[in-house]
Structure formats: structure tokens, C-alpha cells
Amino acid sequence: MNDQDKQAIHERYQEEKEHGVKFYPDIIYKDAIASFAIFILLVGLAVFVGVAKEPAADPSDTSYVPRPEWYFLFLFEMLKFFPGQIEFVGTAIIPGIAILLLFLLPLIDRRIKRHPRSRPVATLTMSAVVVGIVALTIRAVITTPAQPETVGATHKEQVAAGQKLFEEQCAKCHGQTGEGGEVKDVEGLTGTFLNAINSDDYLFTRTDETTYNVVDYGQPGLGMPAFGLANGGQFNNQQINAVVAFVRSWDSRIVVEEEAGPAAALAPGEIPDYEKHVAPLLKRRCSACHREGVAKNNYVVSSYQGVMTSGDHAPDVVGGDLNSNLILMINRQKIEAGGPMPPTKALAPQEMDIITRWVQAGALPVRAETPALTATVTLTGTPRATGTVTSTITPGTPHVTGTVTSTVTPGTPHATGTVTSTVVPGTPKP
Ligand code: HEC
Ligand code: HEC
């Protein structure tokens, strides 16, 4: 800097100082306005635009492609030029030097001219840096592999996606619905007999995690290929999950909530039917531990017979007896036969209601629409009225309210006709 320059700067400085703006409050005021505007803009973006949603973080997902935000992509891309041991050049040395240069800039560049054209070295350097950043960013965007598509947001969509994948990839060996059987037309496996994977035997004894791992890693020794990307297959985690969801959809215990809703509550006074109300409930909530093969205390609920007669403490259900083992146990009591059932989670109130009313009404295999009763009375002795009266009691609920229709079979002349009697409610159970 020569004296003339110094002189010029000094003059300008004095001039500005006299009628220029003050840092406080003038500049601060402007800053405050600008910061506030940016703050409002950010709030607006956050409220109205938001951030694109990605699937929830899943540490076990090997197919997720992690990438920094766009403004750091160039740094990330630069790392690719410094692989392995020399990575620190990209992560520390180059950015470090750049920042150091920025700090030292006032000391390095003391030229008075400020117009870019008067400062070719600085202008060129900065332009080169900007071009480099843009180029690296573009390169990073181009080379980023597509994020795997989300496979179905709802359970239903997942199962549908899983079914499609299953039909494409698995059905040729396992059959369209996992029924197994003899493999046809698959190199190396033709003639092999595969176990069903849609059976209770498979589904009740394997967790989803097991199925997931079988699909992910395969069973190389047995001829089951690996499907996980990490194991040379073509399914990402979401696809495997979809297939697993489809396999699980065969599980007869599972009733998808959106389809079934909670077990329908009974109408007031309605007597539950074993097949319609009770059996599905026992299957869903109890058969995991009480079926053939896996019967805790030898109690099997897969058939009416089993419910009524099996078990180490049989009978666990006695018609009409609300102190039956099963009733006490679902009411979460601990009795000699065992603890609360199901052990982990109480039945829903409407489920308890179904079982309770069923037992109360006699725990019958078929709904106790009072069985039709037939009575035959033979009329004798009265003149002109000999013959047989057959009465049929039409089933009513509960117990025996209903209508009795009696027909007098013609015996003698003058005495044919129909007698209709009504059974008064309150008659004891037949
Ligand atoms: C090339 C034929 C083939 C294909 C394709 C195939 N599997 Fe398998 N899979 C097998 C064989 C063989 C076994 C082992 C024998 C067995 O368990 O019956 C097996 C075993 C399994 C098992 C374990 C069965 C058990 O009883 O433990 C599951 C679960 C399974 N496969 C699911 C799938 C799914 C899901 C797909 C599609 C993504 C698939 N498999 C595709 C041949 C195949
Ligand atoms: C997670 C497994 C599991 C589930 C689910 C389960 N139980 Fe049990 N149950 C057991 C075990 C274990 C016992 C043996 C007694 C004990 O350990 O409490 C048992 C015993 C019983 C017994 C006694 C049988 C006897 O004669 O000794 C009855 C009755 C019973 N359970 C009914 C039910 C009913 C009803 C359900 C469904 C609402 C159910 N359980 C669900 C595990 C289960």
C-alpha cells in the first residue's frame, strides 16, 4: 500500500465516520429485521413444506443408502477420491486448509481494490472452488443409487406386495400358497419334496424373525436360495418383510384387525354358538399353546371334544358351571390347574362375555336353541274325544319360552282341531 492509497482510505474513513451509519442501533436494527424475516421463512417452510418422509430408521436394514444432505454432498463425494487409509486427507486436511486460508485472508490479501476484476487471483481461486463444489455435488447426485421404494405402508399393502413377490420368486418351489409338495421343473430340486410352510405346524412354531432369516440367508444345504441383498439375493429388507407378512397371513390364529375388528359383541340375551363364536376365539387366543403336539397340561382346544374333556385337570369346562377351571382362568385367577389364561394378556371383555355366556348356557356344541320337545298325550276315557295329541314346542331362547302347537289326531268324529298353548316364560330348562 503506498502513501497515496493510505491517504485516500483515511479520507474516505473520516468522511464515512462523520455522516455514516452507526453499528448500534442502525446496523443492529437492519440485522434484526433480516434475521426475523429469515426466521419467519424457516417457520413457514417447516409448517407448510416439511421434510420428505423416509421409512423409520432401522439399524438392521442393509439395503438403506445413507447420504448426507445436499449441501454436504460435495464433501461426501470428495471422500471417494481418498479411499481407505488416506481418507483423512478428504475429511480433515483439505477442509482444514480451506478454513485456515479463510481465516488468514485478511493477512494474505491486503490489496485495497475490491472490484473482482481487479483481483484476478482471488476471483479465479474462488470461482474454481465454487465450480468444484457444484461439480462434486452433481457427481454425487448422479451416482447415488435410488433409495429402495417403500413396500406398502399399511399391513394390507404389505401383504399384497408380499404375495406378488412370493408368486414371482417362491411359488415355483413352494407352491402358490406355500403348500409345498414335490418340486417340478426347478433345476437341481426337481422331485424334492418340500414341507408346507402354510401349515399350522410351520406357522405356529416359527416366529416372523425365523422366516425372515430363512429368506434373507437361505438354507444353502437344503436348496433354499438366499434372497437378502447382502447375501447375493435381490430382496431388500422391506421386500423380505413383505414376504414374511404374506407368509404370516396364512396363520389361522391371526385375524387382521382392520378386517375383523374386535370380536363382535353379543346381542343382549344372545346365546353364543360354539362353532360361530367360541371355536374361532379359542383358536385365535389359545391354540398357540393348546393344540395337538403343543398342549400345555394336555389341554387341546382344537375341537369341542378337546375343550370339554382334555386336560390334566379335566373337565376344564362344565356346562352351566361358572366355576369351571377355564372360566376362573380367563378371569385371571390362579387355581390348581394353572394361572391366568392366556398367560400374557387378558381376553377382551367381549371375548370373556362370549365364553362366559356359552358356559352358562350349558357349553353345548350347537347353540342351545332349546331343542324341540315332543310330548305325546293319549286321550282316553272321554267320550267323543279319544285320539293322540302330539305337541311340538317350537325352539325359543333362552331355555323354554315358545309356542306349543298341539294337533289332535282324528280319533273319533267331532273331535278334530288344533289346540295352541303358550309356554309361560320361566319354565325351567328342559
Ligand atoms: C429353488 C427353490 C426354492 C425357492 C425359489 C424358494 N425356496 Fe424356500 N425352500 C426351498 C427348499 C429346498 C427348502 C428346504 C426344504 C424344506 O424346508 O422343505 C426351503 C425352505 C424354506 C423355508 C423353511 C421351511 C421350514 O420348514 O423350515 C421357508 C420359510 C422358505 N423356504 C420360504 C421361501 C420363500 C419366502 C421364498 C421366496 C422368497 C422361497 N422360500 C423360495 C426351496 C426354495
Ligand atoms: C402362551 C401359552 C398359553 C396360551 C396362549 C394359553 N395357555 Fe392355557 N395353559 C398354558 C400353560 C403353560 C398351562 C399349564 C398351567 C400353567 O402353567 O399355568 C395352561 C393350562 C391351561 C388350562 C388347564 C388345563 C388342565 O386341565 O390342566 C386351561 C383350562 C387353559 N390353559 C385354558 C386356556 C385358554 C382358555 C386359553 C385362551 C383363552 C389359554 N389357555 C391360552 C399356556 C397357555
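Readers should treat all values here as calculations from the given coordinates under stated rules, not as data from a laboratory. On a predicted model such as this, the values are computed, not experimentally measured, just so you know. Here the Cβ is made from the backbone with ideal geometry for all residues, glycine too, and neighbour counts use every protein chain on show.
What the table shows:
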| item | result |
| --- | --- |
| Label zone at ALA92 (point 7 Å along Cα-to-Cβ), backbone N below 20 Å, the stretch 64-83 | 75-83 |
| Extension gain, THR210 back to ALA8 (0.36 nm per residue minus Cα-Cα distance, nm) | 64.6 nm |
| q = 0.17 Å⁻¹, the stretch 308-348: log10 I(q)/I(0) [Debye, one scatterer per Cα] | -0.40 |
| Ranked by how many other beta carbons lie within 10 Å on average, peptides 34-46, 231-243 from highest | 231-243, 34-46 |
| Spatial extent of the stretch 89-203: Rg and Dmax, with the Cα atoms as the point set, Å | 31.1, 88 |
| For THR207, net neighbour charge (Lys/Arg +1, Asp/Glu -1) across residues whose Cβ lies under 15 Å away | -3 |
| Karplus (6.51, -1.76, 1.60) ³J(HN,Hα), θ = phi - 60°, over the stretch 14-20, in Hz, Gly and Pro reported as x | 4, 4, 4, 5, 5, 10, x |
| Calculated Rg and Dmax of the stretch 262-360 using C-alpha coordinates, Å | 12.4, 38 |
| Translational diffusion of the stretch 155-248, µm² s⁻¹ [Kirkwood Rh, Cα pairs; Stokes-Einstein; 25 °C; 0.890 mPa s] | 184 |
| Lysines with Cα under 26 Å of LYS30, excluding same-chain neighbours fewer than 8 positions away | LYS17, LYS22 |
| Mean-position separation - Cα centroids, the stretch 56-110 and the stretch 1-25, in angstrom | 40 |
| Part-to-part distance (alpha-carbon centres) for the stretch 188-244 and the stretch 277-335, which is given in Å | 34 |
| Virtual spin-label span in nm between TRP70 and LEU102, 7 Å along Cα→Cβ | 2.0 |
